[in-house]
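Read the figures in this text as sums done on the coordinates, not as results from a lab. Small disclaimer: the values here were computed from a predicted structure and weren't measured. Heads up, the Cβs are rebuilt from the backbone with ideal geometry, glycines too, and the neighbour counts pull from every protein chain shown.
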Amino acid sequence: MSMLFSPISLGSLQLKNRIAISPMCQYSARAGAATDWHTIHLGHLALSGAGILFIEATAVEPEGRISPEDLGLWSDATEEALAKVLDTVRRHSAMPLAIQLAHAGRKASVRVPWEGGRQIPSSQAGGWKTVAPSALAFAEYDETPQALDQAGLRRVREAFGAAAGRAARLGIDAVDLHAAHGYLLHEFLSPLSNRREDEYGGSLQNRMRFPLEVFDAVRAAFSADRPVGVRVSATDWVENGWDLEQTIVFAQELKRRGCAFIDASSGGLSPLQKIALEPGYQVPFAARIKQETGMPTIAVGLITEAEQAEHIVASGQADMVALARGMLYDPRWPWHAAAKLGAQVDAPPQYWRSKPQELKNLFSDNMPAHR
């Protein structure tokens, strides 16, 4: 039996298999509100047969968006727009839906990738003043961000809690708190971006303080019977930056607070990062976190082949795998993986006739062969 296609529980949430669709920014919202693009995008991914679908990084306040076109969940208008999308998706798919709650920090106010991705100055239309733990820009050509004061910290913390409450009202099945890729919570964790001299900077315990406070706010506001996990960058890939040993301490603190899983990525904090890319290059991070904490982990990063994903899960390196660009390239990746591994996968009845005759047991159905 395929381990990749065996069931798993994240807290009380039951998943049919161990394939997750990673949150992927679409840069297609209007004033934070989901659009028809999100219905198409999430709708077809929800028919893929994966175990769970993570909605893209969703800003908890307007200034927390990466770009002006980012998805948000900070108002009645953004909540209502996302509700319409989710209602349509759920009519045709029973796949659990999670959401990644995020704040871009100093990496906010940028143009969409296909327009270059450079920061939009706050003096220009569409741009705004960014915030961060310290007044340190991400790149040399970026504006210096504003260091968050106590009132700003309170505002952001409460914004995360409010967004989690909205996610609960929407019936979201799980929350993935974004503390990776150089965005605000990661900026607090790393000594490269956090040079504060108050209780939120300096020592590891101090640098973890604000991200842990945000986790507590999200956990308190989200449905008590549904899981909250955290995406981390396990290392900055920069000397004297955030690293795996500190990540493990952070994960242990999260576990004590009821964190249900760790989604282990890396990098994104500094343009100086030096990443040695190879298939599954981030899997060892998930494996070490799992070993040291006993928490369920999700492995990500250049996981492209069914046999590769099966080995990661079957060998105990991670409890799940997550795909992003690979899923965009092949939205039926779970179908094809199930075919290779001799497993079954859910598919909508409208598509049952599509399976090759030699794979008669591929879909979880009893439909007779088409005459």
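When all alpha-carbon pairs of the range 8-359 are counted, what percent fall beyond 30 Å? Looking at the range 8-359, the distances longer than 30 Å represent 33 percent of pairs. For the residues Ser265, Ser315, Ser223, a GNM of the chain with alpha-carbon springs under 10 Å puts the largest fluctuation on Ser315. Computed over the chain, relative contact order equals 16 percent, with contacts defined as Cα pairs under 8 Å that lie 6+ residues apart. Distance between the modelled labels on Asp198 and Glu115, one decimal in nanometres: 3.4 nm (7 Å Cα→Cβ projection). For Gln14 and Arg155, a Förster radius of 51 Å and the Cβ-Cβ distance give a FRET efficiency of 0.90, rounded to the nearest 0.05. Proximity of backbone amide H atoms, modeled 1.01 Å from N, is registered between Asp176 and Ile99, Gln100, Leu101, Gly229 at under 5 Å, excluding neighbours fewer than 5 places apart on the same chain.
Each of Glu187, Glu61 was scored by other Cβ atoms within 10 Å of its Cβ. Arranged with the fewest first, they read Glu61, Glu187. The GluC sites (Glu not before Pro) found in the range 212-246 that occupy coil by DSSP, while having at most 15 further C-beta atoms within 10 Å, are Glu239. For Leu10, nonlocal amide neighbours, meaning residues 5 or more places apart or on other chains whose placed amide H falls under 5 Å from its own, are Leu15. Amide hydrogen proximity for Leu269: with H placed 1.01 Å from N in the peptide plane, the residues at 5 or more positions away or on another chain lying under 5 Å are Gly182.
Which value in deg cm²/dmol, rounded to the nearest 500, describes the helix-derived mean residue ellipticity at 222 nm for the chain, given -39,500 (n - 2.57) per DSSP H run of n ≥ 4 and division by the residue count? Present the calculation step by step, with values, prior to reporting the outcome.
On the way: 10 runs with 118 residues, N = 371.
Theoretical 222 nm ellipticity from helices: -10000 deg cm²/dmol.
Which residue fluctuates most in the GNM of the chain (Cα springs below 10 Å): Glu140, Glu310, Glu292? The residue that fluctuates most here is Glu140. Estimated at 0.36 nm per residue, the fully extended path between Leu302 and Arg30 surpasses their Cα-Cα distance by 94.8 nm.
Could you tally up the Lys pairs in the chain with alpha carbons closer than 14 Å? Skip any pair fewer than 8 positions apart unless they're on separate chains. Walk me through the intermediate numbers first.
Working: Lys107/Lys129; Lys255/Lys290; Lys340/Lys355; Lys340/Lys360.
Total qualifying Lys-Lys pairs in the chain comes to 4.
Ranking Ala57, Met3, Ala102 by Cα position along the charge dipole of the range 1-133, where only Lys, Arg, Asp and Glu carry charges on their C-beta atoms, puts Met3 farthest toward the positive end. The Cβ shell under 11 Å around Trp128 holds other residues with a net charge of -1, Lys and Arg each +1, Asp and Glu each -1.
Using a simple charge model, +1 on the beta-carbon of Lys and Arg, -1 on the beta-carbon of Asp and Glu, nothing else, what dipole does the range 8-359 show about its Cα centre, in debye to the nearest 20? Spell out each step's value before the answer.
Working: 35 positive and 40 negative charges, 115 e Å.
For the range 8-359, the charge dipole is close to 560 debye.
Using the Cβ-Cβ distance between Leu359 and His92 with R0 = 25 Å, the FRET efficiency computed as 1/(1 + (r/R0)^6) comes to roughly 0.65. Here the label points at Ala77 and Gln350, each 7 Å from Cα along the C-beta direction, are separated by 3.1 nm in the simple model. Label sites at Ala137 and Ala314, each approximated as a point 7 angstrom past Cα along Cα to Cβ, lie 5.1 nm apart.
In the chain, with Lys and Arg counted as +1 and Asp and Glu as -1 at Cβ, which of these residues, Trp352, Ala217, Ser203, has the Cα nearest the positive end of the dipole, that is, farthest along it? So the residue we want is Trp352.
Could you please rank Tyr351, Tyr141, Tyr183, placing first whichever residue has the fewest other Cβ atoms within 10 Å of its Cβ? Don't jump to the answer; show the numbers that get you there.
On the way: Tyr351 13, Tyr141 9, Tyr183 25.
Listed from fewest to most nearby Cβ atoms, that is Tyr141, Tyr351, Tyr183.
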